[in-house]
Every structure is written in C-alpha cells, then in structure tokens.
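The values are calculated or read from the model by the stated rules, or taken from the named source; none is laboratory data. Just so you know, these numbers come straight off a predicted model, no measurement behind them. Here the Cβ positions follow ideal geometry from the backbone for every residue, glycine too, while neighbour counts run over all protein chains shown.
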Amino acid sequence: MELFFLLVLIVIMASALGSGFPVAFALPGSAILTIGLAAGAGWLFAGSTDAYFHSGGPQQWLSAGVTNLRGVYWEVERDTLIAIPLFIFMGIMLQRSKIAEDLLFTMAQLFGPVPG
C-alpha cells in the first residue's frame, strides 16, 4: 500500500508542477496532501490512521516536516548568507563605476597575445 501512496505522491507532485504552481508550494503541499490521504484511507479502511505508514503515524511525519521547516527558518540567520547580496552589490558597483570595464581592458592588453 505504501507504493500506491508513493505513486499518488508522484502524480500529485507532477500535476501540481505541471499546472504552474510554484515549487515552494507544490512539493510540501503534495506531501501534506498525500499524508492526509494515507491517514484518511487508513482510518476509513483499517480503523487506524497509521495503518498505511511504515513507521510512525501521520502525526510523526507532519511533526518531522515542521522540524525541517524550523531548521530552514533558522538557517537564514547564519552570517554566511550575507555574502550573496554583498557579492551582487560589489558587481553592480564595479559595473557602474566602470572599474570592471577598465579591468577587462587591461587584462585583454596584458594577456592578449597569450593563447588560452
């Protein structure tokens, strides 16, 4: 039965991505929808919501998703991500001040005759 719900997950994910939903909403949305379908089918046919889960029930799977979401949220507070906007800012400043053009012109004169 787990393979069935895996196929359901893939079909929901492919249809959500194919219909134009953003990836940030399609991937977790299809996972939550599939967990809900598996829990509902387990409750309806087997009398237990965790009947169609290999280990743990839907509560454990959803709490694991919340834990991962919290990890992604706290990852933003690290100082290493500040390099990305600063690198873009540096590139814009070099372009607008014509330093990048002068640097490329100088490098072309210096290494122009050198092959490779």
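A few notes on this one:
- Residues (assigned to a helix (DSSP H, G or I), surrounded by 14 or more Cβ atoms within 10 Å (Cβ to Cβ) and within 16 Å of the chain's Cα centre (by Cα)) located in segment 8-26: MET13, ALA16, LEU17, ALA26
- Among the conditions (1) surrounded by 12 or more Cβ atoms within 10 Å (Cβ to Cβ); (2) at pLDDT 85 or above, ALA46 misses just one, which is (2).
- Scanning segment 94-116 for residues that are loosely packed, with under 10 Cβ neighbours inside 10 Å and of a type in the set (Lys, Arg) returns a single hit, ARG96.
- Close pairs from segment 10-30: first in contact (Cβ under 8 Å) with a residue 24 or more places away in the chain, partner of a type in the set (A, V, I, L, M, F, W, C) and in a helix (DSSP H, G or I), Cβ under 9 Å, at least 6 apart: PRO28/LEU69
- Test: residue in segment 71-80 that is modelled with pLDDT under 80, more than 18 Å from the chain's Cα centre (by Cα) and not basic (Lys, Arg): yes
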